[in-house]
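First up is the structure itself, then whatever we jot down about it.
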There are 2 protein chains.
Amino acid sequence: MLGAAEVIRTAGYANATLNDIGAASGVTKGALYFHFDSKEEIARALIEEQHRVTREAAAEILELELTPVEHMLRLCMDLAERLTSDPIVRAGIRLTTDSSTFDTPLLDPYRDWMASFEELARRAEAVGETNGLISPEVFARTLIPSYTGVQLVSETFTGRADLIDRIHDLWRVLLTAIIPAEQLAAKLALADEVFTVKPARRRKRA
Amino acid sequence: MLGAAEVIRTAGYANATLNDIGAASGVTKGALYFHFDSKEEIARALIEEQHRVTREAAAEILELELTPVEHMLRLCMDLAERLTSDPIVRAGIRLTTDSSTFDTPLLDPYRDWMASFEELARRAEAVGETNGLISPEVFARTLIPSYTGVQLVSETFTGRADLIDRIHDLWRVLLTAIIPAEQLAAKLALADEVFTVKPARRRKRA
């Protein structure tokens, strides 16, 4: 799976050949076909794996005792970190956003994230963490596409080197829209903390 | 150019063949090669044409006597309308966002739009139309990628049928972030007006 991820991430789905994927995975084209019927099946398996990995990580974050807004910030940071470091996630997201990947576009990953963030926005409103000016539905169906675009443009400009900073910018705008005026400074400070890559944490992971 | 636009818009760049483009344009592959050295050259010509068309339309809108925020709203609506109706613009934007299109990504269209909106946000702040909470730079480099993502997800879900509504949603969030509280209701009402497709106008154009 890692070999396929690497080939698709760098070459794109349309340009990736089964020979390249086989070579990168250390197997022959025949062995690949033993497991997968087509390139499309490999791609769909990759997206499923990426979605599984990110949803599992999301479930862990959602178990932490945090406010709904903090949950949203940490989910976005976690995905941004995976998008810069995890080859399966990088390839899976590229396959999802590339419009030439499949004849039938994949909608479930978008729908899952929109539903999760709509629910979090609803909870945030219920506990008075947001100002009620933007409906949870409008918020979620704006945030997920905006995040998609921010990662796409960051990939185009810097290969995602500036992704965390650009997602931080997006959240500066979002927080200013949804947080009650008297709580805004504290929430912007929280975002500063969440969207900072901690050197100590990086070392521990390496 | 229209034939090439149609083939690339529907099949995507990687899947589009010179034979298909020739057939859709009513010319032979030989005739195509007389004008263009490669498929990449056709694609780059299409993007240039799309960028020229949209920048010309933008220049016309910027000549209207409007406030900077109204200029921004009308620019976004104009592009949304072109993205749903103009085959050159549809194909050009698809080529720009498809990550598998070129080895060297095209950054100038993004840069041009970011610079225009940063300047407009700066003017809006200077005339007191915005609250000064978001810097013009952060605003522009969030808006353009967010718009990119919103149109991409709208294309994926509805073939851009809901694009104007989703751009309207995006602006509900943006206005709530940047407009002074006492001017917000009026600006949201203005957005309602700008992002409404007027049936009379549609008939006149048809």
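The values are calculated or read from the model by the stated rules, or taken from the named source; none is laboratory data. Here the structure is a predicted model, which means the values were calculated and not measured. Quick reminder, even Gly has a Cβ in these numbers, built from the backbone with ideal geometry, and neighbours come from all protein chains shown. All accessible areas refer to the heavy atoms of the entire protein, side chains included, with ligands and DNA or RNA removed. Shrake-Rupley method; radii C 1.70, N 1.55, O 1.52, S 1.80 Å.
Some notes on this structure:
- Computed over the range A:102-143, the ratio Rg/Rh where both radii use C-alpha atoms and Rh is Kirkwood: 1.14
- Each copy carries a label point for A:ALA189 at 7 Å from Cα toward Cβ; from one copy, the others' points are 3.8 nm away, ordered from shortest.
- Sorting the Cα pairs of the protein assembly as shown by distance into bins of 20 Å, from 0 upward, gives 25, 56, 18, 1 percent per bin.
- Computed per residue of chain A from DSSP H runs no shorter than four, each worth -39500 (n - 2.57), the mean residue ellipticity at 222 nm is -25000 deg cm²/dmol.
- Put simply, the Cα atoms of the range A:133-172 extend 34, 16, 9 Å along their principal axes, the longest span coming first.
- Label-point spacing for B:ARG122 across the identical copies (point 7 Å from Cα in the Cβ direction), in nm and ascending order: 4.4.
- Shielding score for B:164-175, defined as the mean number of other chain Cβ atoms within 10 Å: 4
- Annotation: amide H-H contacts under 5 Å for B:ASN131 (H modelled 1.01 Å from N, sequence separation of 5 or more, or interchain): B:ILE179.
- Span-rule helices in chain B, defined as complete DSSP H runs reaching 18 Å or more along the axis (Cα) with Kyte mean at least 0.0: B:68-85, B:136-158, B:163-178, B:181-194
- In Å², nearest 10: area of B:VAL127 left accessible to a 1.4 Å probe: 100
- Each Cα pair under 8 Å and six or more residues apart adds its separation to the average, and for the range A:31-185 the resulting relative contact order is 23 percent.
- Among A:SER154, A:LEU184, A:PRO199 the positive-end extreme of the charge dipole of the protein assembly as shown (Cβ point charges): A:SER154
- Converting the Cα gyration tensor eigenvalues of the range B:54-123 into ellipsoid dimensions via √(5λ) gives semi-axes, longest first, of 24, 15, 8 Å.
- Taking Cα centre as origin and charging only the Cβ of basic (Lys, Arg, +1) and acidic (Asp, Glu, -1) residues, the dipole magnitude of the range A:1-149 rounds to 400 debye.
- Annotation for B:ARG111, label-to-label distances across the other copies: 4.1 nm (shortest first, one decimal, point 7 Å from Cα along Cα→Cβ).
- Given R0 = 22 Å, the distance between the Cβ atoms of A:ALA31 and B:ASN15 translates into a calculated FRET efficiency of 0.25.
- Of the GluC sites (Glu not before Pro) found in the range B:1-109, those that fall in a DSSP loop while having at most 12 other beta-carbon atoms within 10 Å are B:GLU65.
- Between B and A, accessible area buried - total, square angstrom, nearest 100, 1.4 angstrom probe: 3300
- For the range A:69-131 versus the range A:132-206, the gap between their alpha-carbon centres in whole angstrom: 12
- Taking label positions 7 Å along the Cα-Cβ direction at both A:SER38 and B:LEU107, the computed distance is 3.8 nm, reported to one decimal.
- Directionally averaged shadow of the range A:1-147, computed from the convex hull of its alpha-carbon atoms, nm²: 9.3
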